[in-house]
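Inspection log for the structure reproduced underneath, given as structure tokens.
No lab work stands behind these numbers, since they all come straight from the coordinates. Bear in mind the structure is a predicted one, so any value in this text is a computation, not a measurement. Reconstructed Cβ throughout: ideal geometry from the backbone, glycine too, with neighbour counts over all protein chains shown.
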């Protein structure tokens, strides 16, 4: 009887070990690196920098002149946010991307409300957005390490 119980115990243990080995799962604490997202972040950061540099140097600083560019950039940031949201465990990066979007929309709304902004304001927006983009890009590229 003891031999029979021992045989069943060994069989059950072997089946359990085989099951665990066959179905083992892994835990990921950071999302996977995506070159596509890094490329999108870089391209959108360039568009943002170009927008504010253009406004800064232009004699026409009226919001309506740049409304389509603002909308395009806001859409691109939203796309990056969506790409981040579908990755595994993306909380930090989502919050950083959301901060980029919030800052951009804030500057867009300030420009829309004022209608005209100064070269100094455009420069300030450009530098501020560069800092937001840099933080996000650092986080994204460090996923590749």
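For the range 71-145, the fraction of C-alpha pairs more than 21 angstrom apart is 31%. Here the calculated FRET efficiency for residue 36 and residue 60, from their Cβ-Cβ distance with R0 = 41 Å, stands at 0.70, rounded to the nearest 0.05. Placing a label point 7 Å from the Cα of residue 50 along the Cα-to-Cβ line, the residues of the range 76-118 whose backbone N sits under 16 Å from it are 76-77.
Spin-label model, residue 114/residue 69: points 7 Å from Cα along the beta carbon direction are separated by 1.6 nm.
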